[in-house]
Each structure stands twice: as structure tokens, then as C-alpha cells.
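Notes for the one structure printed next.
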Amino acid sequence: MDVREYLAAKRAQRAQRGERTRETVVAVRSPARPVVRALAMLAAFVGTVLFSLLLARVTLEPSAASAGVVHSNTRPGASISLYLDGASVREAVKQLGGNVLLGVPFGVLLPVLIPQAHGVLRLAAVTAVVMTLVELIQGSLVTGRAFDVDDVLLNVAGALLGYLVLGRRMGRAVHPRRHHWWHRLTRRGDRVSAHGSGVRTRLVERTEEGSGAK
């Protein structure tokens, strides 16, 4: 490869790098306008209130008929195995699927309502804490209800499902993305690499000019 071909390849690389940068800027959308963000958070708040009422009705309503049947479960997987092995398909889908669906609104609403809950680990932690409190209230205060750790696990699974399908996109559309320290290091490395490439290109151009002058 002669000098001219090398310069042409470098120009093509710089153009391609600039195109990728423009695409990245377009892909990382700016945060929503304050009015839109406020309306989105208000809608999420209303949805959270309605979901809380539904959650209280489903989980905290006494069931006198089940008072002598239900038992607490603190062993992860025990109740799930019981439903999968000993219950009918309809009953298993109703119990296990119902607990998963009960957690989906957490994954959809929390990233919009609470920006700090954005992220898989944080969302899972918030959902686990809330649903553990609900299960403890069930087991200690509500007739015919018992604490079940598998319900918490299924709720968390539902929250993560809702987050990955819809909540993550909604949260990023409403709230700006956070810039972590490793992002700054990456951008700094890109700038250093681009500077080094520019220096090498200028040296080659000067060499070519010197060769032409001779």
C-alpha cells in the first residue's frame, strides 16, 4: 500500500467513525420535555395507586375457607414444585402465572415513577422488599393467608419481565440516562485514539508533500 492509498483509507476510517458517532448521538435520545415527563410520571403514579388497590384486594382479602389449609413456606422452590407436580395444569397456571403477572406492573411503572429504580438489580430489590412486606402482613394479620417465599420470587420474575419488555424503554424515554465513570473513560480513550490517528495522518501527509517537493 503506497502513501496515497494509506491516506485514502485513513480518511474513510475517519468518515466512518464520524458516522458512527452521529448515529450514537441520534440513538441516545435527549430526555423528555418537562411537561411530557410530568404527565408521564403522573400517569405512572395513578397506575401505581390503582395497582396498589388491586394488590391489596388480591393479597390482603381474608379467606376463612383456607384457614386450616394454608401453611407458611420459607423454602425457595417448595411451593412451585408442589404446584408443578401435584396440581392440575389449570391450577398451576392460575397460581404461578398469577403471581408472575402480579409483578409485571412493578417493572413497567417503577422506572417511570422512580428514576432511581431503573436497572435490573435495583428493580428486583425494590420489588422483593415490597412483596416481602406484603407476604409478612398476609401471614401475620390476614385470615386464611400465609407467607410464601415463592410468591416473592415469582413476583420479582414478573417485575423483571415487565421491565425488560416495556419498562426499560419507558424509563429511558422519560428520564435522562445516567453517565457512569466508565463512560467518561471510554470517551477519553476514543479522544486519545482519534488524536493519535490525526497525528499519524499529518505526519504521512507531510512526508508525501516532502516527497513531492523533491
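Just checking, does the stretch 77-95 include any residue being of a type in the set (D, E), part of a helix (DSSP H, G or I) and surrounded by fewer than 16 Cβ atoms within 10 Å (Cβ to Cβ)?
Yes, because at least one residue in the stretch 77-95 is of a type in the set (D, E), part of a helix (DSSP H, G or I) and surrounded by fewer than 16 Cβ atoms within 10 Å (Cβ to Cβ).
Kindly indicate whether any position in the stretch 67-75 is open to solvent by less than 40 Å² (accessible area, probe 1.4 Å) and touching a residue at least 12 places away in the same chain (Cβ under 8 Å).
Within the stretch 67-75, one or more residues are open to solvent by less than 40 Å² (accessible area, probe 1.4 Å) and touching a residue at least 12 places away in the same chain (Cβ under 8 Å).
Among (1) in contact (Cβ under 8 Å) with a residue 40 or more places away in the chain; (2) more than 30 Å from H175 (Cβ to Cβ); (3) not aliphatic (A, V, I, L, M), there is one condition F45 misses while meeting the rest; what is its number?
Evaluating F45 over (1) in contact (Cβ under 8 Å) with a residue 40 or more places away in the chain; (2) more than 30 Å from H175 (Cβ to Cβ); (3) not aliphatic (A, V, I, L, M) leaves (2) as the failure.
Go through the stretch 108-165 and give me each residue that's more than 19 Å from A44 (Cβ to Cβ) and aromatic (F, W, Y).
If the condition is that a residue be more than 19 Å from A44 (Cβ to Cβ) and aromatic (F, W, Y), then F147 is the only one that fits.
Taking the stretch 98-116, which residues are farther than 30 Å from V36 by Cα and either open to solvent by less than 30 Å² (accessible area, probe 1.4 Å) or among the basic types (K, R) (or both)?
Within the stretch 98-116, N99 is the sole residue that qualifies.
Report, by residue number, each residue of the stretch 45-66 that is open to solvent by less than 60 Å² (accessible area, probe 1.4 Å) and at pLDDT 85 or above.
Result: G47, T48, F51, S52.
Take R200 and decide whether it is open to solvent by 60 Å² or more (accessible area, probe 1.4 Å), within 30 Å of A12 (Cα to Cα) and modelled with pLDDT under 80.
Criteria met by R200.
Out of (1) part of a loop (DSSP other than H, G, I, E, B); (2) under 16 Å from the mean Cα position of the chain (by Cα); (3) modelled with pLDDT of 85 or more; (4) not polar (S, T, N, Q), what's the single condition that is false for G167?
Of everything listed in (1) part of a loop (DSSP other than H, G, I, E, B); (2) under 16 Å from the mean Cα position of the chain (by Cα); (3) modelled with pLDDT of 85 or more; (4) not polar (S, T, N, Q), G167 misses just condition (1).
Tell me, which residue of the stretch 117-144 that is under 11 Å from the mean Cα position of the chain (by Cα) and either modelled with pLDDT under 90 or in a loop (DSSP other than H, G, I, E, B) (or both) is farthest from T48 (Cα to Cα)?
Top of the filtered list is G119.
Does L109 qualify as being part of a helix (DSSP H, G or I), closer than 24 Å to M170 by Cβ and touching a Phe, Trp or Tyr at 6+ places or on another chain (Cβ under 8 Å)?
Against the criterion (part of a helix (DSSP H, G or I), closer than 24 Å to M170 by Cβ and touching a Phe, Trp or Tyr at 6+ places or on another chain (Cβ under 8 Å)), L109 qualifies.
Looking only at residues that are in a helix (DSSP H, G or I) and touching a strand residue (DSSP E or B) at 6+ places or on another chain (Cβ under 8 Å) in the stretch 147-163, which one is least open to solvent (accessible area, probe 1.4 Å)?
Checking each candidate, the answer is D150.
Inside the stretch 117-146, can you point out the residues that are β-branched (V, I, T) and open to solvent by 40 Å² or more (accessible area, probe 1.4 Å)?
V120, V126, V129, V130, T132, I137, T143
The values are calculated or read from the model by the stated rules, or taken from the named source; none is laboratory data. This is a predicted model, so every value here is computed, not measured. All Cβ positions, even for glycine, are placed from backbone atoms using ideal geometry, and neighbour counts span all protein chains on display. To get the accessible areas, we keep the full protein, side chains included, count just its heavy atoms, and leave off ligands, DNA and RNA. Shrake-Rupley method; radii C 1.70, N 1.55, O 1.52, S 1.80 Å.
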